[in-house]
Amino acid sequence: MEYFVQQLFNGLTLGSIYGLVAIGYTMVYGIIGMINFAHGDIFMLGGFAALIVFLVLTSIFAGLPVAVLLLLMLVVAMLMTSLWNWTIERVAYRPLRGSFRLAPLITAIGMSITLSNFIQVTQGPRNKPIPPLVGSVYNIGGISISLKQIIIIVITVVLLAAFWYIVNRTALGRAQRATEQDRKMAALLGVNVDQTISITFIMGAALAAVAGTMYLMYYGVASFNDGFTPGVKAFTAAVLGGIGSLPGAVLGGLMIGLIESLWSAYFTIAYKDVATFAILAFVLIFKPTGILGRPEVEKV
């Protein structure tokens, strides 16, 4: 029983990271109806931004407290990825907003390849390890819970609560919901649609940066191809929970994390990704819109 609970906690930790990234996918799809396949690489950029901040600060201030160091890593990573995602939306996606649906998709794939190759050229193809930021481990009833797992889950819960408040209780959230329902009508009613979409990209990038920093802290290594596999799994989480549904993105992320953790614990680890995508296919066969997704109503 202790082993099972241990794997549940491991799965929740990994699922929290996937959930943060999945929110970015589902927000962009909900507001402009496109899949931002470069979002996984924004997650990777967040990890590298945090890595660079870590290396610079530890070389200058050797005795800097871990809490301050982690906070600075998060802030800089969020600022850098927000700037990147804003630029991508402004330069690559906005000019194609009125074109046929395949054009933004191809552009998103191109941006993903560009960002990955940019990091590979500038930072090198080798993995970039860092020493453990947080090493404390607590043993509770035979279950080992590390402090970094607690940090990841707590930060995820706090961010999701703040995010829920912004979307449901603020003027920005109302503008986002109005833009999602009908962009033309929202513009006629005074909503700055372009600004709202740009802010949505910035918010998604900030959450991806937090996830990238947590991923770096959890695994202790960054690589230029980190954006592909976690990005695909986060997109899978968004589809599983219901693309366009924010609670669905979080639920899908937690489910993907739990499936990976439990499968790796009780079956061969080589097939954990196969199990994840097989369960996704099984769910979509019986509920094509995802677990919490709603059928899309075509406007006529």
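The values are calculated or read from the model by the stated rules, or taken from the named source; none is laboratory data. Here the structure is a predicted model, which is why all the values come from computation and not from measurement. Cβ placement follows ideal geometry from the backbone for every residue including glycine, while neighbour counts extend to all protein chains displayed. Keep in mind that these areas ignore ligands, DNA and RNA; they rest on the heavy atoms of the full protein, side chains included. Shrake-Rupley method; radii C 1.70, N 1.55, O 1.52, S 1.80 Å.
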Could you list all residues from segment 1-14 that are over 15 Å from MET217 (Cα atoms) and of a type outside the set (Ser, Thr, Tyr)? MET1, GLU2, PHE4, VAL5, GLN6, GLN7, LEU8, PHE9, GLY11, LEU12
Going through segment 108-146 in order, the residues found to be over 30 Å from VAL53 (Cβ atoms) and of a type in the set (Val, Ile, Thr) are ILE140, ILE143
Have a look at THR13, THR26 and point out the one that is under 20 Å from ALA108 (Cβ atoms), open to solvent by less than 20 Å² (accessible area, probe 1.4 Å), modelled with pLDDT of 90 or more and polar (S, T, N, Q). THR26
Considering residues that are under 16 Å from PHE224 (Cα atoms) and surrounded by 14 or more Cβ atoms within 10 Å (Cβ to Cβ), the number found within segment 101-112 is 2
Tell me which of these TYR138 doesn't satisfy, since it passes every other one: (1) within 21 Å of the chain's Cα centre (by Cα); (2) closer than 29 Å to LEU8 by Cβ; (3) aromatic (Phe, Trp, Tyr). (1)
Only listed residue being open to solvent by less than 70 Å² (accessible area, probe 1.4 Å) and over 23 Å from the mean Cα position of the chain (by Cα), chosen from LEU45, LEU57: LEU57
Please go through segment 244-282 and give me each residue that is outside any helix (DSSP H, G or I) and either charged (D, E, K, R) or free of Cβ contacts under 8 Å to residues at least 12 places away in the same chain (or both), ordered by number. PHE267, THR268
Matching helices (runs of 4 or more DSSP H) fully within segment 145-202 where at least 2 residues are more than 30 Å from GLU2 (Cβ to Cβ), at pLDDT below 90 and open to solvent by less than 50 Å² (accessible area, probe 1.4 Å): 147-169
Subset of segment 203-228 [within 15 Å of LEU45 (Cα to Cα) and either aromatic (Phe, Trp, Tyr) or open to solvent by 60 Å² or more (accessible area, probe 1.4 Å) (or both)]: TYR215, PHE224, ASN225, PHE228
